[in-house]
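See structure below.
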Amino acid sequence: MHMDTTPVDVAVIGAGQAGLSAAYHLRRRGFAPVATAPDAGETFVALDANAAPGGAWQHRWSSLRMATVNGIHELPGFPVPPADPRTASRDALPPYFAEYERRFGLDVQRPVQVRAVRRADDAPDGRLLVETDHGMWSARYVINATGTWTRPFRPHYPGIERFRGRQLHVADYRSADEFARRRVVIVGAGVSAVQLLEEISHVADTVWMTRREPQWIDEGEFDLPARSAAIAGVEARVRQGLPPASVISVTGMHWTPWARAAQARGVLVRHPMFASIEEHGVRMPDGSFVEADAILWATGFRPALDHLAPLRLRTPAGGLRVADTRSLDEARLFLIGYGPSQSTVGANRAGRAAVRQIVAERTAGSAAAAA
Ligand SMILES: Cc1cc2nc3c(=O)[nH]c(=O)nc-3n(C[C@H](O)[C@H](O)[C@H](O)COP(=O)(O)OP(=O)(O)OC[C@H]3O[C@@H](n4cnc5c(N)ncnc54)[C@H](O)[C@@H]3O)c2cc1C
């Protein structure tokens, strides 16, 4: 083993909602942070690439307010303090995460960017090496909770490199003022596309384009059984190793307050996707031309899993085979906040489910050793 490799029972990668939930449950089940108690019976480490607490929330655009997020589920064991609904989620949530880490002594190591996870040897119950820009950990189990924020997805269209205007992904969006009096093409059929369409259309000329006609559903139609069915659909995809697809893409579009506001102002007008991009705009499938100063890609995110590449778990379909948070092809690896657990409530549950399985296995292992 490398001289500066720290042995640990569980390494949690990422300290957003999912990673903190896992760290909390590890703590409750008697695991101690390795930096403060290296000789404790069972240890864990939580590693996070961000310089400060808050996971992806600290980077989201400021008009995503507590009143307009889809609903934030509290971290386990500590309620979200009441916040003015007008507060930006990027201001309200990071202090909550910071307090949570302090209160439960989670000792998150940051900024620590995990570069690779690889097998130490061929033994299926051997250790996994977690290589980072600040040292190396060797773990019996890895709980991956790296979210999607660092992997914005932008589809390729012919001519994309010829465009002279500004192109940006919602991950880079700051404020509508940057687009004042411009013509902005907004691409995408998700919640962010509609929110930003509503917002930007107050100061700019907007054109909304989506590949498919959005399937609008009323709040009442999305009851608990419908929600469970949607999550079960994503679960089934992930079990087969298909790319997860967001829960929203399976459920259709809600009539959010933004959607209603945009509709009332006559700006919620959907056009089909353009066929190609030119220097000063986009060419539509019927040959017509739409001028544009900017293209805003509200085309979603992909799971941030590049550091797991050495484990060679990707299926030809492009996903990882996962069931009940655990990789079906690498039993020492758990993926939380992935696929069906990609929401604040799902992330919480997934953290608990992963830890429960680790504890059960460790207990069974020590019972067998004692017998
Ligand atoms: C714009 C937007 C709005 C959303 N709104 C809601 C909402 O209102 N309600 C809801 O339930 N869900 C919402 N979601 C879904 C959201 O993704 C989850 O709810 C949740 O916040 C994600 O938590 P997470 O812990 O999985 O990921 P994150 O919060 O992204 O945390 C992942 C952490 O892992 C770290 N990391 C990544 N790669 C590495 C690496 N290689 N090494 C070390 N650390 C790494 C990151 O720095 C980050 O701190 C939203 C998503 C988006 C994109």
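Looking at region 317-349, which of its residues are over 18 Å from V234 (Cα atoms) and either more than 16 Å from the ligand (Cβ to nearest atom) or of a type outside the set (A, V, I, L, M, F, W, C) (or both)?
Scanning region 317-349 gives D329, E330, A331, R332.
Any residue that is in contact (Cβ under 8 Å) with a residue 12 or more places away in the chain, near the ligand (Cβ under 9 Å from one of its atoms) and open to solvent by 30 Å² or more (accessible area, probe 1.4 Å) - is there at least one of those in region 91-112?
Yes; the residues of region 91-112 include at least one that is in contact (Cβ under 8 Å) with a residue 12 or more places away in the chain, near the ligand (Cβ under 9 Å from one of its atoms) and open to solvent by 30 Å² or more (accessible area, probe 1.4 Å).
Since I143 meets every condition but one in (1) more than 10 Å from the ligand (Cβ to nearest atom); (2) under 30 Å from E198 (Cα atoms), which condition does it not meet?
Among (1) more than 10 Å from the ligand (Cβ to nearest atom); (2) under 30 Å from E198 (Cα atoms), I143 violates only (2).
Output the residue which, of all residues in region 1-26 that are farther than 25 Å from T148 by Cα and in contact (Cβ under 8 Å) with a residue 60 or more places away in the chain, is most open to solvent (accessible area, probe 1.4 Å). Walk me through it before giving the result.
The first filter runs over region 1-26 and keeps only residues farther than 25 Å from T148 by Cα, leaving 1-9.
Narrowing the set further to residues that are in contact (Cβ under 8 Å) with a residue 60 or more places away in the chain leaves 1-2, 4-9.
On the way: M1: 161, H2: 113, D4: 90, T5: 16, T6: 47, P7: 70, V8: 3, D9: 15 Å².
The selected residue is M1.
Quick one: I72 ticks every box in (1) farther than 26 Å from D9 by Cα; (2) among the hydrophobic types (A, V, I, L, M, F, W, C); (3) open to solvent by 20 Å² or more (accessible area, probe 1.4 Å); (4) more than 8 Å from the ligand (Cβ to nearest atom) except a single one, so which number is it?
(4)
When both residues are 6+ apart or on different chains and their Cβ atoms are under 6 Å apart, which pairs have a first residue that lies in region 56-70 and is in contact (Cβ under 8 Å) with a residue 40 or more places away in the chain and closer than 18 Å to P82 by Cα, and a second that is near the ligand (Cβ under 8 Å from one of its atoms) and open to solvent by less than 30 Å² (accessible area, probe 1.4 Å)?
Hits for this filter: W57/S89; L64/S89.
Would you be able to say whether some residue in region 39-62 is more than 13 Å from the ligand (Cβ to nearest atom), open to solvent by 60 Å² or more (accessible area, probe 1.4 Å) and at negative phi? So that I can check it myself, show each step before the final result.
Our first condition is that a residue be more than 13 Å from the ligand (Cβ to nearest atom); within region 39-62, this holds for 39-44.
Right, trim to open to solvent by 60 Å² or more (accessible area, probe 1.4 Å) and you get 39, 41.
This time we only want the ones that are at negative phi, so: 39, 41.
Looking through region 39-62, at least one residue is more than 13 Å from the ligand (Cβ to nearest atom), open to solvent by 60 Å² or more (accessible area, probe 1.4 Å) and at negative phi.
Can you spot a residue in region 357-367 that is open to solvent by less than 30 Å² (accessible area, probe 1.4 Å) and within 16 Å of the ligand (Cβ to nearest atom)?
The answer is no; no qualifying residue exists.
The values are calculated or read from the model by the stated rules, or taken from the named source; none is laboratory data. From a predicted model like this one, the values you see are computed outputs, not experimental measurements. No Cβ is skipped: glycine too gets one built from the backbone with ideal geometry, and neighbour counts run over all protein chains shown. The accessibility values were calculated without ligands, DNA or RNA, using every heavy atom of the protein model including side chains. Shrake-Rupley method; radii C 1.70, N 1.55, O 1.52, S 1.80 Å.
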